[in-house]
Amino acid sequence: MALKIDLSHTGIAGASNGRSRGLILIVWVFVAIVAALFLFANYSIGVMSAARAYVGGEGLWSKAQKEAVYALSRYCTDRDPREYEIFKEALLVSLGDRQARLELEKPDPDLQVAAAGFLQGRNHPDDVDGMIRLFRSFRRVPEIDKAIAIWAQGDVHIDQLIALGDKVHTAMEAGTLDANAARGYLTQLHEINALLTPLEDQFSYTLGEASRKTRTVLLIFMFVAVSGLLTVAYVFSGRVVRQSEDLQHALRESELQLRGLLQFAPLPIIIVRVGDEAIVYANNRALEQFGVTAASLRQYKAKNFYVRPEDREQVVQVLGAQGSVRDWEVELRDAAGRTFWSLISSQRIAFAGEDCLLTALNNIEDRRRAQEELRHRAFHDDLTGLPNRAMFMDALSRTLHRMERKNGVFSILFIDLDQFKEVNDSLGHTVGDVLLQEVAMRIRLCVREGDLVARLGGDEFVILVEGEDNPGEVISIAQKILSALEPEHQLEGHVVRVTSSIGISRYPENGTELNDLLRNADAAMYKAKERGRNNFQVAADSRM
């Protein structure tokens with residue numbers, strides 16, 4: 001046995017051996033707990049990453065659809081064959097995503113065909129497997145099912161867009177595309193775009209709802225799983241405490257033997273004298289946790305290690321009322337002042353003939369950090385660190401309700417980079433990613449503290465500006481952004497210049513509904529592009 005203390009003269013050698021075996025078993029129980037928590041955290045992060053990939057994919061789909069509409073519009077007016085090629089290329093994104101969805105809806109889908117569709121939809125290769133798994137595993141979840149249904153509704157309008165493009169091209173080739181015909185086609189084009197845009201917003205909002213509910217379910221499940229695992233750990237820890245009490249009762253004069261046994265415990269354990277809160281014993285794990293030595297420990301009281309005195313007072317109150325506490329979550333600090341979160345369980349015992357508390361600690365800093373990382377990854381863009389579409393839509397919805405109650409105002413600035421696709425095509429996606437990071441940094445420097453800057457996907461950014469009583473403040477921000485983006489970028493040995501087109505909508509002048517405000521900001525942005533790019537346009541007052 002690992003514990004070789006001769007207790008035969010006390011008549012409890014068998015108890016000591018049984019305790020040693022129990023301690024070894026506890027070590028394996030905690031190894032299993034850590035492994036289970038790691039696997040579940042990894043699965044949870046994978047699910048949220050896949051959900052975030054769908055949000056980003058919707059942004060790519062929306063962007064491509066707008067590119068197609070814009071290119072076909074220019075084709076009707078400028079009659080440049082290259083615009084028709086841009087139109088067809090942009091539609092490949094929507095058709096690729098459709099291919100993936102239709103394949104995954106089959107009883108026995110060909111996953112390679114689905115993956116090829118997502119790749120054609122410009123989704124990142126690293127996200128494709130997760131997107132497929134999420135679709136297949138959560139297909140019947142109400143929010144996911146609703147999002148897919150909205151996605152499928154867009155097929156009809158995309159087909160209409162394809163058919164209209166064919167008509168325009170046929171008329172162009174036949175030489176029958178006069179001014180009247182072009183105006184008719186443009187009218188049809190705007191009607192199709194007006195039908196697609198609300199579907200895109202609904203799809204994005206529904207995905208955001210699904211992402212938030214999925215995150216909540218995962219956190220609840222993690223909490224239940226951790227509670228269950230810690231209950232198992234508590235049962236074994238309680239067994240340690242009970243055995244310690246029995247052993248101490250039998251070995252009143254053998255304090256060193258008890259100390260030896262506690263050294264095998266898989267958790268930091270301290271023994272505190274009730275009368276003056278002096279720490280009379282700490283095992284090696286506790287000494288390491290608090291960054292002290294056995295000699296220096298004498299100068300500390302238990303309360304010195306609590307970050308908030310009120311937490312210690314609550315623990316003392318519960319101990320006085322119940323005689324023990326179980327899995328109490330508190331923030332502690334070590335001797336150097338470094339803080340950490342821990343679950344503590346305390347039980348009254350008799351130690352060296354005095355009334356004491358035996359306290360076991362379970363450091364949960366990694367678990368709390370994993371939960372925080374999970375929350376952050378669900379609502380932030382990996383590339384730029386900005387809030388993503390889901391977080392922006394949630395913030396916009398809350399701001400809208402708050403301004404309705406306060407009769408307040410706010411504005412949305414919709415920013416789209418000009419010629420960003422040419423940068424990606426000519427210099428590669430690596431340079432394009434670095435450029436997006438630089439653009440995000442410059443935009444952040446142009447806004448006020450408290451304004452929300454988010455990346456919707458691709459090269460689209462959006463700013464939510466609250467509390468500006470003077471519309472000139474928002475215009476000033478737009479002008480700052482245009483000026484900030486004009487200077488050249490030195491990226492990977494290349495000199496890159498990029499400008500932006502900005503559309504502005506304001507609540508309540510440009511709408512009192514979320515979708516109306518977004519649609520008007522988007523329309524104003526495209527008006528800025530039509531007027532030569534590198535400028536901003538303000539949406540017309542919808543109440544006039």
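Expressed as a fraction of 2.2 N^0.38 Å, the rule-of-thumb size for a compact globular protein of N residues, what is the C-alpha radius of gyration of the range 398-494?
1.24
Please list Leu195, Leu91, Leu445 from largest to smallest accessible area, probe radius 1.4 Å, with all protein chains kept in place.
Per-residue accessible area, sorted high to low, gives Leu445, Leu195, Leu91.
Report the extension gain between Ser483 and Ala174 in nm, rounded to one decimal, defined as 0.36 nm multiplied by the number of residues separating them, less their alpha carbon distance.
Value of the extension gain: 106.7 nm.
Using a simple spin-label model with points 7 Å from Cα along the Cα→Cβ vector, what separation in nm is obtained for Asp382 and Gln188?
4.1 nm
Rank these by accessible area, largest first, 1.4 Å probe: Met172, Met393.
Met172, Met393
Which FRET efficiency, nearest 0.05, do Glu449 and Val156 yield, Cβ-Cβ r, R0 56 Å?
0.80
Contour minus end-to-end for Asp145 and Val307, with contour as 0.36 nm per residue of separation and end-to-end as the Cα-Cα distance?
Separation in residues times 0.36 nm, less the Cα-Cα distance, equals 53.7 nm.
Taking a probe of 1.4 angstrom, what is the accessible area of Glu277 in Å², to the nearest 10?
Solvent-accessible area, nearest 10 Å²: 40 Å².
Give me the percent of accessible area attributable to carbon and sulfur for the range 429-544, probe 1.4 angstrom.
Carbon and sulfur together cover 47 percent of it.
Output wanted: per-residue J couplings in Hz (rounded whole) for the range 393-402, from phi through Karplus 6.51 cos²θ - 1.76 cosθ + 1.60, θ = phi - 60°, x for Gly and Pro.
Coupling constants for the range 393-402: 4, 5, 5, 5, 4, 5, 5, 4, 5, 5 Hz.
Which pairs break 20 Å Cα to Cα here: Lys421/Lys529; Lys88/Lys421; Lys167/Lys527; Lys63/Lys146; Lys146/Lys421; Lys66/Lys106?
Over 20 Å apart, Cα to Cα: Lys167/Lys527; Lys63/Lys146; Lys146/Lys421; Lys66/Lys106.
Treating only the Cβ atoms of Lys and Arg (+1) and Asp and Glu (-1) as charged, compute the dipole magnitude of the range 56-215 about its Cα centre; round to the nearest 20 debye.
Its charge dipole is roughly 440 debye.
If you average the alpha carbon positions of the range 265-340 and of the range 99-141, how far apart do those two centres end up, in angstrom?
52 Å
Taking 45 Å as R0, compute the FRET efficiency from the Cβ-Cβ separation of Ala294 and Ala321 and round it to 0.05.
Step by step, r from the Cβ atoms, then E = 0.90.
State the Cα centre-to-centre distance between the range 439-461 and the range 160-197 in whole Å.
Measuring centre to centre over Cα atoms gives 35 Å.
Using the heavy atoms of the protein chains and a 1.4 angstrom probe, tell me the accessible area per residue for the range 459-508 in square angstrom.
40 Å²
Expressed in whole Å with the largest first, what are the equivalent ellipsoid semi-axes of the range 281-329 derived from the C-alpha gyration tensor as the square root of 5 times each eigenvalue?
Equivalent-ellipsoid dimensions as semi-axes: 23, 12, 10 Å.
Would you mind working out the accessible area per residue for the range 75-217, using a 1.4 Å probe, and quoting it in Å²?
Counting only protein heavy atoms, the per-residue value for the range 75-217 is 51 Å².
What are the ³J(HN,Hα) values, in whole Hz, obtained from phi via the Karplus relation 6.51 cos²θ - 1.76 cosθ + 1.60 with θ = phi - 60°, for each residue of the range 373-390 in sequence order, with x given for Gly and Pro?
3J(HN,Hα) across the range 373-390, in whole Hz: 5, 4, 5, 5, 5, 5, 10, 9, 7, 5, 6, 9, x, 6, x, 9, 4, 4.
What residues have an amide H closer than 5 Å to that of Gly457, excluding those fewer than 5 places away on the same chain, when H is modeled at 1.01 Å from N in the peptide plane?
none
Roughly to the nearest percent, how much of the accessible area of the range 360-405 is carbon and sulfur, given a 1.4 Å probe?
Ligands and nucleic acids excluded, carbon and sulfur reach 45 percent.
Per the 1.4 Å probe, what fraction of the accessible area of the range 85-198, in percent, lies on carbon and sulfur atoms?
54 percent
Between Asp433 and Glu85, how high is the FRET efficiency from 1/(1 + (r/R0)^6) when r is the Cβ-Cβ distance and R₀ = 30 Å? Nearest 0.05.
0.70
Per residue, what accessible area does the range 348-440 have, given a 1.4 Å probe and all protein chains present, in Å²?
Counting only protein heavy atoms, the per-residue value for the range 348-440 is 43 Å².
The values are calculated or read from the model by the stated rules, or taken from the named source; none is laboratory data. None of these values were measured; they are calculated from a predicted model. Note: ideal-geometry Cβ built from the backbone for every residue, glycine included; neighbour counts use all protein chains shown. Heads up: the accessible areas ignore ligands, DNA and RNA and are worked out on the full protein's heavy atoms, side chains in. Shrake-Rupley method; radii C 1.70, N 1.55, O 1.52, S 1.80 Å.
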